Structure formats: C-alpha cells, structure tokens
1. Out of (1) touching a Phe, Trp or Tyr at 6+ places or on another chain (Cβ under 8 Å); (2) loosely packed, with under 14 Cβ neighbours inside 10 Å, the odd one out for T220 is which?
2. Wholly within the stretch 209-311, which strands (runs of 3 or more DSSP E) include no fewer than the required count, namely at least 3 residues that are more than 33 Å from the chain's Cα centre (by Cα) and more than 22 Å from G331 (Cβ to Cβ)?
3. Assuming G34 fulfils every condition listed in (1) modelled with pLDDT of 90 or more; (2) on the phi > 0 side of the Ramachandran plot apart from one, which condition is it?
4. With modelled with pLDDT of 95 or more and either crowded, with 17+ Cβ neighbours inside 10 Å or not assigned by TED's automatic domain parsing to the domain that holds R241 (or both) as the only criterion, which of V141, V167, V150 stands out?
5. Quick check on this structure: which one of N200, N196, N264, N244 is out of contact with any His (no Cβ under 6 Å at 6 or more places or on another chain), free of Cβ contacts under 8 Å to residues at least 12 places away in the same chain and not assigned by TED's automatic domain parsing to the domain that holds T144?
6. Can you give me the number of residues within the stretch 248-258 that are of a type in the set (S, T, N, Q) and surrounded by 15 or more Cβ atoms within 10 Å (Cβ to Cβ)?
7. Can you pull out the residues in the stretch 47-72 that are among the hydrophobic types (A, V, I, L, M, F, W, C) and either closer than 20 Å to D96 by Cα or under 29 Å from the mean Cα position of the chain (by Cα) (or both)?
8. Which one of A228, A184 is modelled with pLDDT of 95 or more, farther than 23 Å from L26 by Cβ, among the aliphatic types (A, V, I, L, M) and not assigned by TED's automatic domain parsing to the domain that holds S50?
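The values are calculated or read from the model by the stated rules, or taken from the named source; none is laboratory data. All of these numbers come straight from a predicted model, not from anything done at the bench. Here the Cβ positions follow ideal geometry from the backbone for every residue, glycine too, while neighbour counts run over all protein chains shown.
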Amino acid sequence: MVATDPLWLPGLSYDETELRKMFALLTMATSTAGMGRGGVRPGEAGLAVSLAGTTVNVSAGPAFVTRSGQGTYFAQMGATSPGTLSAAHATLTRIDLVYLRVWDNAVDSSGLTKADTVLLTGTPSGSPVAPTPGATEIYTVLATITVPSVAGGGTGAASVSTTARQVTVSPGGILPVTSAADIALAGLYAGQARYNTVRNVLEFWTGSVWQAQGDWAAYTPTWAGGLATMGSAVSKGRWTRIGNRVEVVATLKWGTGSTLNSSNVTVTLPTTAATAADIVWQGVGYYFDGANPFHPLNPVVSSAGTTITLYALRQSDIGYQSPGSLSYAWGSGALMTLQISYEAA
C-alpha cells in the first residue's frame, strides 16, 4: 500500500501536485477520477472578454484550471490584452478562441511557471469552428470571437460570445450549462442538478437522462379487461410529473384481430396513485368507432390504483357502462383516447 499525506497534519510537507489534487475536492467532479471541473464561477464578472477596435481585452479575475492527473490550479489575472485580431477573410468567416492558460514546466516542459491569456486565431471556413489549443496546454476557455468575412480586409463586425466559456461550481452545486458540449454531457450521479440556459429549466440526472419536472416521457400502457383481444392494436402513451401531480395521455388504435367484450376497459398507469380514502380522480376521453361521431369516455383512477378504468355514457339514464356493453363498434379506424391527472403515491 502506498501511503499519502492528508492535509493539515503537523510535521508534514506537501509538494504542489499533492495540493492541487486535494484542492480538486473544492470543485464539482468530472467523469475522470480525481479531476475537478475547471472554469470560472457562475456570475463571475472577471475575465470578461471585450473588443476595443481590433484589440482583444480581458478583465481581471480568478479561475480554476484543471488537467487530468494534475488536480486543480487556482489562477488569477490582472487585466490583460492577449493580442489583436487578424484581418478578416474576404469571403469566409472564422472563429477565434480566447482562453486562460497555465504554464507548468513540470507538466508541459515549457520552462515557464506562470499564467496568461491567449488569443488563438481560427481558420476561415464556410462552416467555421473554434480552434483547439495544443495538447500540452493547461487552460480554460473564456470566449470565442466570430470574425465575419470582409472584402479588402479589416475585421468587420467581429463579435464576442461567452457560450463556450466554461463555468464550475462546488460539489453538489447547480451548474448553469449553455454550450452544446456541456448540455450533451451525461450526469455523474442520480439527483445531480443543473440549469439548462437554452431551455431555461432546472434539470436533474435520472441515471440515464437529464429531465426537468414537467417533461413528458413516452410509455406503453397495457389495455385489458374489456379489450378481449389486443390483436395488432397499437397502444401509445405519454406522461409527466410535477411533484406528486401526474398527467397521463393514452391512446389505443384498433388493429386486426382486436375485439371488445362487455367488461370494463382498463389501462395501466405509469406510476401508482396515492392512497386517499373516498377519493377518485376523473379525466376526459372519447371513443371513435371509425365511422360514427365521437362517444364520450370517462376515465377514473381510484385510491391506490395502478390502472385507469374507462366508462362509457349510456344516454338513456345518464349512467355509465363499459364501452363493449353499449355495443360500440370496434373495427377499422376505431380509436380510444383519454387524458387524466391524479396524485401519485
């Protein structure tokens, strides 16, 4: 077993790599073991990139810069100017990159131990992308600069975007995500939270997908009871949940071999209803037999229920029966659909 030096014990000394690896605990984790996520703090006013003519300016500010196997570098910069924009291409647009870089001779063999800001000029293209820093560089992106084409040179209407600017939070913090790359990243643990600035919603990692309360998800309900034979009927469903309120939409389209009998039609729920004495939840629905006008259906969920029961309205005495007992035709083009909200267990 290899012994290590835990922090804050008397008589111990620490090298810089040990300290950086331990300080990685202060930033949110990544999919790489022992590595923290680099970037600036959300809402950080520092390290802002701006243009003064063709001069690129970066304001003073702090950032976390990380590298696999090296832990977290703490960097702070005074106001800097990493360079001036190159002339625009006559017919093509380009994207330049501005980033904060840490030089660490022990890692990059640069002979330097310092931090600076860099303007990296992109390549003009019909579909331009930002350039990528060298493989040995230790950095965090601050901004991109789009330089549109200008006949005869100049920089035209160059514009700064912070979409690619990486932000980081402490472990368990809510990370705002904006860039397509960040939005596409899988979560690290079920229950992890982030704020998607493109959708303007708070999302949670379920273990497989990012999902916001109120997002709709597909499910395939099972129809039974009065649906004597499923045949090739097609069942579709969607559901959403906000807190304990569940909303369900379900549809069954007749298929070859489908038959009804006089029993009540039941439809499975995506999640069990709450236990509540003397409470039932009712929704709306309709039945279309492929030729005749729509017939109303009344979906009902009972306390602690796992299924919806569908009732049809008998006009003679305003009573409810099963669709099959009212001789509703079930043939080509026939359709049952419903929508109901209920309290989840």
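1. (1)
2. Values: elements: 210-212, 217-219, 223-229, 234-242, 245-253, 259-268, 280-282, 284-288, 295-302.
Per the criteria, 295-302.
3. Against the list (1) modelled with pLDDT of 90 or more; (2) on the phi > 0 side of the Ramachandran plot, G34 comes up short only on (1).
4. On the way: V167 fails: modelled with pLDDT of 95 or more; V150 fails: modelled with pLDDT of 95 or more.
Step by step, each of V141, V167, V150 is checked, and only V141 is modelled with pLDDT of 95 or more and either crowded, with 17+ Cβ neighbours inside 10 Å or not assigned by TED's automatic domain parsing to the domain that holds R241 (or both).
5. Values: N196 fails: free of Cβ contacts under 8 Å to residues at least 12 places away in the same chain; N264 fails: free of Cβ contacts under 8 Å to residues at least 12 places away in the same chain; N244 fails: free of Cβ contacts under 8 Å to residues at least 12 places away in the same chain.
Unique residue meeting the criteria: N200.
6. First pass over the stretch 248-258, keeping only residues of a type in the set (S, T, N, Q): 251, 256, 258.
The next check asks that each one be surrounded by 15 or more Cβ atoms within 10 Å (Cβ to Cβ); those that pass are 251, 258.
Going through the stretch 248-258 one residue at a time, the tally reaches 2.
7. Step one: list which residues in the stretch 47-72 are among the hydrophobic types (A, V, I, L, M, F, W, C), which gives 47-49, 51-52, 56, 58, 60, 63-65.
Across the stretch 47-72, the qualifying residues are L47, A48, V49, L51, A52, V56, V58, A63, F64, V65.
8. A184
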